[in-house]
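Read the structure below first, then the notes.
The values are calculated or read from the model by the stated rules, or taken from the named source; none is laboratory data. Keep in mind that this is a model prediction, so the values were computed, not measured. So basically every Cβ, Gly included, is an ideal-geometry build from the backbone, and we count neighbours across all protein chains shown. Accessible surface areas use protein heavy atoms only, side chains included; no ligands, DNA or RNA. Shrake-Rupley method; radii C 1.70, N 1.55, O 1.52, S 1.80 Å.
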Amino acid sequence: MMQQIRLCGSGGQGVITAAIILAEAAIMEGKEAVQSQSYGPEARGGASKAEVIISEEFIYHPKVVTPDVVLALTQQAADKYSSDLCGNGVLVIDEDLVPESPVHPNVVKVPLTRLAVEGLGKDLFTNIVSLGLLVKVTGVVSFETIQKAVAKRVPKATIEKNMQALRIGFDAHS
């Protein structure tokens, strides 16, 4: 089964790093994965998106066509990047930063940035909180594997806080 996942927000929120980690986790589990990204010339503050395709089989087309999951961390990102979400797909939004959720039958609203700030003291961890939530919602990789992938990618001094961020995101949705 193939999963097409789009992570979007504004530059500086770490969606590209999160997508890279998710793709690496899939590869650790022996799956095929392709990751791509794009962002505006503003780099920080401009719209950014990263996409990951994860499959048990060879991936013939490396671009997300109809995402199964869209994670939107800003209103602008939700408005710009969620319209092609497949009908039974899941739209995951930061409920504080996306006050006007696009109309879709499957919307998961979680205050991702607020959870990062309240739980870890910094919004810097929002992308990792988001990864924990994505793993819970999609089941695309195991929680143990995403922990290993995060630990390999983040600075050693921040591993413990990033593990807490994953758990906060994973536990934020029933």
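Observations on the model:
- Average accessible area per residue (Å²) across the chain - probe 1.4 Å, nucleic acids and ligands excluded: 48 Å²
- Residues with amide H under 5 Å from that of VAL92, placed H, sequence gap 5 or more: VAL70, LEU71, ALA72, VAL108
- Listed residues VAL117, VAL135 arranged by accessible area, highest first, probe 1.4 Å: VAL117, VAL135
- Straight-line reach from LYS109: taking Cα to Cα under 25 Å and skipping same-chain neighbours fewer than 8 places apart, the lysines in range are LYS49, LYS80, LYS122, LYS136, LYS161.
- For the set SER174, SER38, SER83, SER48, the ranking by accessible area, highest first and with no ligand, DNA or RNA atoms included, is SER174, SER83, SER38, SER48 under a 1.4 Å probe.
- Note on ARG167: accessible area is roughly 100 Å² with a 1.4 Å probe, heavy atoms of protein only.
- When the convex hull of its Cα atoms is projected in every direction, mean area for the chain (nm²): 9.2 nm²
- The charge dipole of the chain, taken about the Cα centre with unit charges on the Cβ atoms of Lys, Arg (+1) and Asp, Glu (-1), comes to about 440 debye, rounded to the nearest 20.
- Charge tally around GLU57: other residues with Cβ under 12 Å, Lys/Arg +1 each, Asp/Glu -1 each, net -1.
- Only protein atoms count toward the accessible area here, which uses a 1.4 Å probe; on the chain, the carbon and sulfur part of that area reaches 52 percent.
- The chain - share of DSSP beta bridges that are antiparallel (%, nearest 5): 55 percent
- More than 17 angstrom apart: percent of Cα pairs within the stretch 113-174: 30 percent
- Counted by Cβ distance under 11 Å from ASP123, the other residues give a net charge of -1, where Lys and Arg count +1 and Asp and Glu count -1.
- Sorted on the mean count of surrounding Cβ atoms within 10 Å across their residues, most packed first, peptides 91-103, 12-24 read 12-24, 91-103.
- Size estimate for the stretch 11-106 follows the Kirkwood approach: the inverse of mean 1/r over distinct Cα pairs works out to 14.1 Å.
- Annotation: THR74 carries an accessible surface of approximately 20 Å², with a 1.4 Å probe and no ligand, DNA or RNA atoms counted.
- Only protein heavy atoms count here; under a 1.4 Å probe, LYS31 has an accessible surface of about 40 Å².
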